[in-house]
Amino acid sequence: QQVVNDKTRESILGLADELAILNASYDEYQDQLQQIEEDTVALQERKEFLDEQIRLLDEAIARADSNADGVRAKLGGVQQEAELLESLLEQEGSEGESGSNELVSGEIYFHGTAIQPDPPADVSVDAFGHGLGLSQWGAYGAGNAGMSAEQILSTYYKDTHVEARTGYTINVQGYGVMSIDDYAAGLGEIPSKACGTLQQIEDWAAYANSQGWAANDARRNKYVLDNPSTVWDCWPEEAIKAQVIAARSYGITSAQPICTSAACQVYIGGNAKQWAAWETSNKFIISDGYTQTGQIIRAYYSAYNHNGWGSADHATVWGANDGNTTSYSYLRAAYDAPFTYNYTFYRSEWKRTNSYSMQDLQSMINWCSTPGNCNTYAWLRDNVKNKIGNLQSLVLEKDASGRVRKVILNGDAGSASTSGRYFRSVFNKWIENVQPSGEIDKIPSITFSATVVE
């Protein structure tokens, strides 16, 4: 019995040893299985990632193959710039002028360029927007030309630099108070994705993984393959970053709570621009000039500021009626002709008025100084009509962009001035209501000249 017990004990011990070995092997196999499963998941994720990039690439190729306009769109900016230069060389009697009467020797006529929608609409301007500060389509072109966000901003905002300043929050209408970077992440205005190559997409994903970002971290959503048939899928990353810095600066200097429409700047919520907000975290545009020295600037911007030269001076667009306002140091004319993108919605036309004598223009002043004809009749009467007597000549002063800043009116009793914007407004209201030439031949924009007919 004892022998049996000893053998049984030995068998049990042997089984225990085997069980321990099996348990160890099982644990080892489990570890290996887990590693295989992890590798399989990683490979599957990699496969899904590559499949998605192939799908996007196939779509882009298909669109490019089926739509030749996608290629032409890339050339549109150069073509339209050439068309603009060509239009400036047109002779005074060319077709497309807004005045068609024969010009009279000794009289004066006004002529210039205007940007209009294509197809044409009842609009005539020298910018889409106010024409000040950053031009969004200019930034698009600058980004494609290889300019950095800070280079873009220093081009459009004179005497400034970009600087990080922490601790700012903003009150957004309907959303409440949030950090300025959270606000920047939810901005609309322009596309949120940066145009990238397949290599950039892979490199950014690898960087995100190396930083331990969660799979749903919005910063991962930076690049997309460019679709050449549209400009609305993605923009150059430096243009987006420039927009974010400008919008952050504009937002923090706005009345609170800031609205979410284009009346302020478009805020759509969410975090589609999180990558750009993070890369430019807490960065603002700071004035180095005589206006708001050392402070965050009121970074005005608009869609398309290019009138054939570039953005306008602040005083030219928003100055006083007499044209004697000093421009903000950071909102002065910016030359962007070499790189601005001329989106196909816009085109420039050369126009002229019919010719008018000084007596005709005196009649204009008298008419608009009469109550009921112009809202600012009293200002024009007191500051121009009563000062100059009978009009004898006028002189235009322009800012660097070619827009008329001031019109000097010389008479037999003295001189007075109006802004180019105000003069255009009075002239066009007179033309529209009186039609002295029998035609509605308005001055097309504040980018105009005055010429005496020989």
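The values are calculated or read from the model by the stated rules, or taken from the named source; none is laboratory data. If you're wondering where the values come from, they're calculated on a predicted model, not measured in any experiment. Using ideal geometry, Cβ is built from the backbone for each residue, glycine included, and neighbour counts are taken over all protein chains shown.
Is it the case that Val395 is out of contact with any Asp or Glu (no Cβ under 9 Å at 6 or more places or on another chain) and assigned to a strand (DSSP E or B)?
Numbers: out of contact with any Asp or Glu (no Cβ under 9 Å at 6 or more places or on another chain): yes; assigned to a strand (DSSP E or B): yes.
Taking the combined requirement at face value, the residue satisfies it.
Quick check: anything in segment 239-250 within 17 Å of Ala149 (Cα to Cα), in contact with a Pro (Cβ under 8 Å, 6 or more places away or on another chain) and at pLDDT 95 or above?
The first filter runs over segment 239-250 and keeps only residues within 17 Å of Ala149 (Cα to Cα), leaving 239-250.
Among the residues that remain, those that are also in contact with a Pro (Cβ under 8 Å, 6 or more places away or on another chain) are: 240.
Now drop any that are not at pLDDT 95 or above, which leaves 240.
Checking segment 239-250: at least one residue is within 17 Å of Ala149 (Cα to Cα), in contact with a Pro (Cβ under 8 Å, 6 or more places away or on another chain) and at pLDDT 95 or above.
Only one of these is assigned by TED's automatic domain parsing to the domain that holds Gly106, more than 29 Å from the chain's Cα centre (by Cα) and of a type in the set (Lys, Arg): Lys442, Lys385, Lys398. Name it. So that I can check it myself, show each step before the final result.
Values: Lys442 fails: more than 29 Å from the chain's Cα centre (by Cα); Lys398 fails: more than 29 Å from the chain's Cα centre (by Cα).
None of the others qualify; the one that does is Lys385.
Please verify whether Asn209 is assigned by TED's automatic domain parsing to the domain that holds Val162, in a helix (DSSP H, G or I), out of contact with any helix residue (DSSP H, G or I) (no Cβ under 7 Å at 6 or more places or on another chain) and exposed (fewer than 15 other Cβ atoms within 10 Å of the Cβ), treating the condition exactly as stated.
Values: assigned by TED's automatic domain parsing to the domain that holds Val162: yes; in a helix (DSSP H, G or I): yes; out of contact with any helix residue (DSSP H, G or I) (no Cβ under 7 Å at 6 or more places or on another chain): yes; exposed (fewer than 15 other Cβ atoms within 10 Å of the Cβ): yes.
In short, yes.
Quick check on segment 189-206: of everything there that is surrounded by 11 or more Cβ atoms within 10 Å (Cβ to Cβ) and among the polar types (S, T, N, Q), which residue is nearest to the chain's Cα centre (by Cα)? Break it down into steps so the answer makes sense when it comes.
Pass one, segment 189-206, residues surrounded by 11 or more Cβ atoms within 10 Å (Cβ to Cβ): 189-198, 200-205.
Remaining after also requiring among the polar types (S, T, N, Q): 192, 197, 200.
Details: Ser192: 13, Thr197: 23, Gln200: 24 Å.
Looking at the filtered set, the residue picked out is Ser192.
For segment 243-264, how many residues are closer than 19 Å to Phe284 by Cβ, out of contact with any strand residue (DSSP E or B) (no Cβ under 7 Å at 6 or more places or on another chain) and polar (S, T, N, Q)?
2
Residues to consider are Asp226, Asp203; find the one that is at pLDDT below 95 and assigned by TED's automatic domain parsing to the domain that holds Val244. Full working, then the answer.
Working: Asp203 fails: at pLDDT below 95.
Of Asp226, Asp203, the one residue that is at pLDDT below 95 and assigned by TED's automatic domain parsing to the domain that holds Val244 is Asp226.
I'm checking my understanding of the structure. Among residues of segment 212-230 that are closer than 16 Å to Trp278 by Cα and assigned to a loop (DSSP other than H, G, I, E, B), which one is nearest to the chain's Cα centre (by Cα)?
If we filter segment 212-230 for residues that are closer than 16 Å to Trp278 by Cα, which is where we start, we get 212-214, 216-223.
Add one more test, that the residue is assigned to a loop (DSSP other than H, G, I, E, B), and what stays is 212-214, 216-217, 221-222.
On the way: Gly212: 34, Trp213: 31, Ala214: 32, Asn216: 29, Asp217: 27, Asn221: 21, Lys222: 19 Å.
Filtering first and then ranking leaves Lys222.
Name the one entry in Arg248, Arg165 that is crowded, with 16+ Cβ neighbours inside 10 Å and among the basic types (Lys, Arg). Walk me through how you get there before you give the answer.
On the way: Arg165 fails: crowded, with 16+ Cβ neighbours inside 10 Å.
The match here is Arg248.
Give the residue that is nearest to the chain's Cα centre (by Cα), with candidates limited to residues of segment 266-288 that are part of a loop (DSSP other than H, G, I, E, B) and among the charged types (D, E, K, R).
The initial filter retains those residues of segment 266-288 that are part of a loop (DSSP other than H, G, I, E, B), namely 266, 268-273, 280-282, 288.
Those left that are additionally among the charged types (D, E, K, R): 273, 288.
Numbers: Lys273: 15, Asp288: 23 Å.
Selected residue: Lys273.
Taking the stated definitions as given, is Gly186 outside the structural domain of Gly438 (by TED's automatic domain parsing) and of a type outside the set (Ser, Thr, Tyr)?
yes
Looking at segment 292-306, I want the residues that are buried (at least 24 other Cβ atoms within 10 Å of the Cβ) and have a partner that is acidic (Asp, Glu) and modelled with pLDDT of 95 or more with Cβ atoms under 8 Å, at least 6 apart or on another chain. Which pairs are those?
Once the first residue is buried (at least 24 other Cβ atoms within 10 Å of the Cβ) and sits in segment 292-306, its partners that are acidic (Asp, Glu) and modelled with pLDDT of 95 or more give Asn305/Asp336; His306/Asp336.
Considering segment 177-188 alone, what residues qualify as being exposed (fewer than 15 other Cβ atoms within 10 Å of the Cβ) and either touching a residue at least 24 places away in the same chain (Cβ under 8 Å) or closer than 15 Å to Ile240 by Cβ (or both)?
none
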